[in-house]
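The values are calculated or read from the model by the stated rules, or taken from the named source; none is laboratory data. A quick note: this is a predicted structure, and the numbers were derived from the prediction, not measured. Every residue, glycine among them, receives a Cβ derived from its backbone with ideal geometry; neighbour counts consider all protein chains shown. Just so you know, the surface numbers come from the protein's heavy atoms only, side chains and all, with ligands and any DNA or RNA stripped out. Shrake-Rupley method; radii C 1.70, N 1.55, O 1.52, S 1.80 Å.
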Amino acid sequence: MDRRKFISGVALTSAGLAAGGAAQNESTSKQSKTVTEAVGPKKAVIISKNTGMQGSDGAYELLRRGHDTLDAVLWVLRAQEDDPNDDSVGLGGLPNEDGEVELDACVMHGPTRRGGSVGGVRNIKNVSAVARLVMERTNHVMLVGEGAQKFAVAHGFPKENLLTEHSRKTWLLWKETMSNQDSWGPGISDPNWKPPVPVPSGTPQALQQKIDHMYEVAADLGIAPEDRMKAISRVLNPPTGTIHCSVVNEKGEMSGGTTTSGLAWKLSGRVGDSPIIGAGCFTDQDVGSAGATGSGEENIKIAGAHTIVENLRKGMSPQEAGMDALRRIARNHNNDMNKLRFLEMVFYVLRKDGAYAGVSLWSHGPTGKPRNFHVNDGTKRLENCTALFQGSAIEWPPILQPATGK
Ligand code: GLY
């Protein structure tokens, strides 16, 4: 090919691409007319998991002072990452099977249409801020493991032990009671050792025996009496934790972010939905922002947050958009309630015009309280989620009280 032909070929290809792009944009904008034409809401809106109440006032104040929406998102996420009593996020997050806390996070910034993410990060507490730096200070979108940690240290983040006494002892309780086929926990030389009383496995008596044993181990490990049943519940029903937050300001600028220590006792290296852009969080400046807490593996398979934002683009309300995503999870299990009753999922949906919804697979949490989410539109509050199914996911195995009544 001579030079003239090459150049004209390139020009034609570019023109074709440009025409294709314009056509695509036109059809997209037709589909989403009502959404993309929306300006910002009358008042800024923050939505998040219920734990976001803690950072809510500070985040809203940032918005009042004209800070970026991503600053407000990170304020909410950071409050939980810094809180040693939130055992699902940051400092004090429940660790993996090796007793190592591995954190995941992602952020998306609507106005600049960028995202950043980190997965499987050890010894760095504020991973949502690291995800933001990946977005702002690299040519990449996602860093994982040791590389993400090195990057964080290079940017001045301190390496710290993220295990609190609570999370360490709860992990030890899991480690010592998960099996009698290993050497974890006192053996037959222990003066208090008793031969196990055989009861048929899978019966309520077997579960009762297990819980009684766990209660004794929890006491031996120095877990305070008032914390023992909570620790046993964490061991038997490993939580997925997490906090998501989405924000829109009065100009209609949006951001979102999600941070987590992930599924408790997970395999080392397991990464859930939280750092996966499109699953744990997705923000599209034209349309809206969404995020998730709950069963990470289920959410990844339906690209939940992206699905929801695309539903908004097609004109669904925030509630409809979220319910459709929940129905996709149910469909993946052929709507088999024997499986769905063991899953948990909450989606947080915020449209560019400030309309919002929190939707959950089940109407109630394991303790019998209605599933709720946090909203702040100048007034901070919790609102109940709209649920696909009434009732609560069944904890497996169900938790009984110790027979001794301790
Ligand atoms: N949703 C958090 C996780 O599954 O890791």
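In the stretch 219-252, the residue that is most open to solvent (accessible area, probe 1.4 Å) out of those that are basic (Lys, Arg) and more than 16 Å from the ligand (Cβ to nearest atom) is Lys251.
Matching residues to (1) farther than 28 Å from Gly185 by Cα; (2) touching a strand residue (DSSP E or B) at 6+ places or on another chain (Cβ under 6 Å); (3) among the hydroxyl-bearing types (Ser, Thr, Tyr); (4) not in a loop (DSSP other than H, G, I, E, B):
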| position | (1), (2), (3), (4) |
| --- | --- |
| Glu146 | yes, no, no, yes |
| Gly156 | yes, no, no, no |
| Glu160 | no, no, no, no |
| His166 | no, no, no, yes |
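Is it true that some residue in the stretch 372-382 is open to solvent by 20 Å² or more (accessible area, probe 1.4 Å), of a type outside the set (A, V, I, L, M, F, W, C) and either within 18 Å of the chain's Cα centre (by Cα) or modelled with pLDDT under 95 (or both)?
The answer is yes, given that some residue of the stretch 372-382 is open to solvent by 20 Å² or more (accessible area, probe 1.4 Å), of a type outside the set (A, V, I, L, M, F, W, C) and either within 18 Å of the chain's Cα centre (by Cα) or modelled with pLDDT under 95 (or both).
Looking at Asp104, Asp98, just one residue is closer than 21 Å to Gly269 by Cβ, open to solvent by 60 Å² or more (accessible area, probe 1.4 Å) and in contact (Cβ under 8 Å) with a residue 40 or more places away in the chain, and that residue is Asp98. Only one of the listed residues (Val144, Val153, Val118) is modelled with pLDDT of 95 or more and crowded, with 23+ Cβ neighbours inside 10 Å. That residue is Val118. The set of residues in the stretch 261-293 that are surrounded by 24 or more Cβ atoms within 10 Å (Cβ to Cβ), small (Gly, Ala, Ser) and within 12 Å of the ligand (Cβ to nearest atom) comprises Ser261, Gly262, Gly272, Ser274, Ala279, Gly280, Gly291, Ala292.
Condition test on Leu173, is it crowded, with 20+ Cβ neighbours inside 10 Å and in a loop (DSSP other than H, G, I, E, B)?
No; evaluated as a whole, the condition is false for this residue.
With respect to Ser255, is the statement that it is at pLDDT below 95 and more than 14 Å from the ligand (Cβ to nearest atom) true? First the steps, then the outcome.
Details: at pLDDT below 95: no; more than 14 Å from the ligand (Cβ to nearest atom): yes.
Spelling it out, it is not the case that Ser255 is at pLDDT below 95 and more than 14 Å from the ligand (Cβ to nearest atom).
None of Leu312, Leu340 is more than 24 Å from Asp83 (Cβ to Cβ), touching a strand residue (DSSP E or B) at 6+ places or on another chain (Cβ under 9 Å) and crowded, with 24+ Cβ neighbours inside 10 Å except Leu312.
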